[in-house]
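*Asks:* One structure, pasted below without further comment.
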Amino acid sequence: MITAIIVFSLIGLIIGIILTFGSSFFKVDKDEKFVAILEALPGVNCGACGFAGCAGLAQSITSGGSTFSGCSVMSDEDRDEAAERFNISSGMVATTSAVLLCNGGENCLDSFKYDGVKDCQVIADSFGSNKACSYGCIGEGNCMRACPFDVISMGKDGLPHIDEKGCVSCGKCVVACPKNLIEIQDISKGVTVVCSSKDKGAVTKKYCSAGCIGCKICEKKCNDDAIHVTDFLSKVDRDKCTDCYLCVDPCPSKVIFKHTANR
């Protein structure tokens with residue numbers, strides 16, 4: 001009995017020595033700069049920077065592949081302070097936001113009265129849509145529930161309203177919309193046509209009072225060749241748009257919008 005105890009004690013001692021040696025031998029030293037940069041980031045792991053989380057951006061900043069401008073969640077003050085602390089350029093931050101490409105809601109007729117689960121994806125999978133416009137917003141708030149920053153609210157008009165100043169462009173609402181009606185756009189310039197219907201103008205006018213009818217008035221008003229009607233829908237070339245806004249007021253359906261940053 002005593003022999004067995006001694007043997008097991010020796011085995012335990014040997015294993016302990018091996019583990020201690022192994023942990024020292026295979027120890028990976030933490031990059032102190034990486035850890036400090038990671039702590040400086042907000043830690044929300046929203047993915048707006050294009051990485052899976054803050055650790056990915058921190059690693060890229062550490063290696064020189066990115067700057068703090070990659071984080072749209074940080075305030076300008078925090079970004080500048082972090083850049084100065086680590087002697088890294090803060091970079092230019094693009095003013096981006098999620099934008100809803102639909103102005104239907106209560107302006108659009110229902111194809112039928114739906115009384116089921118209040119979920120856009122369920123309705124889309126089951127019926128395509130409950131709106132007369134098959135391209136339009138279903139309006140059950142999946143995007144609002146997906147937003148981790150509470151900058152989307154459902155309005156009385158049956159549409160989600162996005163706070164462009166508060167949006168960090170994480171893209172979670174983009175993924176949540178089954179009709180692909182939300183885009184991340186640079187809102188510091190240009191205008192947006194908030195309609196996605198590709199039906200002929202006469203058809204669109206029958207079911208939606210706020211839909212693009214492809215009349216080409218905007219196209220004729222633009223002096224910069226920045227807006228054209230394709231598939232009965234106006235599209236803006238944001239690279240060509242010079243913010244003249246000559247297309248906004250003449251639009252009979254009022255579907256060409258200035259962004260918050262330009263109002």
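The values are calculated or read from the model by the stated rules, or taken from the named source; none is laboratory data. Fair warning: this is a prediction, and the values are worked out from it, not measured in the lab. Because the Cβ atoms are built from the backbone with ideal geometry, glycine has one as well, and the counts that use them run over all protein chains shown.
*Asks:* Restricting attention to region 70-84, report how many residues are assigned to a helix (DSSP H, G or I) and in contact with a Leu (Cβ under 7 Å, 6 or more places away or on another chain).
*Replies:* Adding up the residues that qualify gives 1.
*Asks:* Where residues in region 209-235 are in a strand (DSSP E or B) and hydroxyl-bearing (Ser, Thr, Tyr), which of them is farthest from Lys258 (Cα to Cα)?
*Replies:* Thr230
*Asks:* Taking only region 225-261 into account, find how many residues are on the phi > 0 side of the Ramachandran plot and among the charged types (D, E, K, R).
*Replies:* 4
*Asks:* Is at least one residue of region 219-230 touching a residue at least 12 places away in the same chain (Cβ under 8 Å) and among the hydroxyl-bearing types (Ser, Thr, Tyr)?
*Replies:* No, that holds for no residue.
*Asks:* If I filter region 115-129 down to residues being assigned to a loop (DSSP other than H, G, I, E, B) and more than 22 Å from Gly211 (Cα to Cα), which single residue comes out as modelled with the highest pLDDT?
*Replies:* Asp119
*Asks:* Okay, next question. Going through region 34-84 one residue at a time, which ones are polar (S, T, N, Q), within 18 Å of Pro148 (Cα to Cα) and surrounded by fewer than 15 Cβ atoms within 10 Å (Cβ to Cβ)?
*Replies:* Listed by number, the list holds a single entry, Ser75.
*Asks:* Surrounded by 20 or more Cβ atoms within 10 Å (Cβ to Cβ) and in the same structural domain as Cys102 (by TED's automatic domain parsing), is that true of Ile217?
*Replies:* No, not satisfied.
*Asks:* Of a type in the set (S, T, N, Q) and either at pLDDT 90 or above or in contact with a Phe, Trp or Tyr (Cβ under 7 Å, 6 or more places away or on another chain) (or both): does that describe Ser72?
*Replies:* no
*Asks:* Within region 232-263, how many residues are closer than 21 Å to Thr96 by Cα, more than 23 Å from the chain's Cα centre (by Cα) and of a type outside the set (A, V, I, L, M, F, W, C)?
*Replies:* Of the residues in region 232-263, 4 are closer than 21 Å to Thr96 by Cα, more than 23 Å from the chain's Cα centre (by Cα) and of a type outside the set (A, V, I, L, M, F, W, C).
*Asks:* On to the next question. Being out of contact with any Gly (no Cβ under 7 Å at 6 or more places or on another chain), surrounded by fewer than 17 Cβ atoms within 10 Å (Cβ to Cβ) and within 19 Å of Arg145 (Cβ to Cβ), is that true of even one residue in region 92-111?
*Replies:* Scanning region 92-111, I find no residue that is out of contact with any Gly (no Cβ under 7 Å at 6 or more places or on another chain), surrounded by fewer than 17 Cβ atoms within 10 Å (Cβ to Cβ) and within 19 Å of Arg145 (Cβ to Cβ), so the answer is no.
*Asks:* Which of the strands (runs of 3 or more DSSP E) found entirely inside region 130-208 contain at least 1 residues meeting this: in contact with a strand residue (DSSP E or B) (Cβ under 8 Å, 6 or more places away or on another chain), among the acidic types (Asp, Glu) and surrounded by fewer than 23 Cβ atoms within 10 Å (Cβ to Cβ)?
*Replies:* Because the criterion is at least 1 residues that are in contact with a strand residue (DSSP E or B) (Cβ under 8 Å, 6 or more places away or on another chain), among the acidic types (Asp, Glu) and surrounded by fewer than 23 Cβ atoms within 10 Å (Cβ to Cβ), the strands (runs of 3 or more DSSP E) in region 130-208 that meet it are 182-186.
*Asks:* Quick one: count up the residues across region 37-48 that are in a loop (DSSP other than H, G, I, E, B) and more than 16 Å from Val175 (Cβ to Cβ).
*Replies:* 4
*Asks:* Could you tell me whether Ser234 is in the same structural domain as Asn130 (by TED's automatic domain parsing), within 22 Å of Ser111 (Cβ to Cβ) and not aromatic (Phe, Trp, Tyr)?
*Replies:* No: the conditions fail for Ser234.
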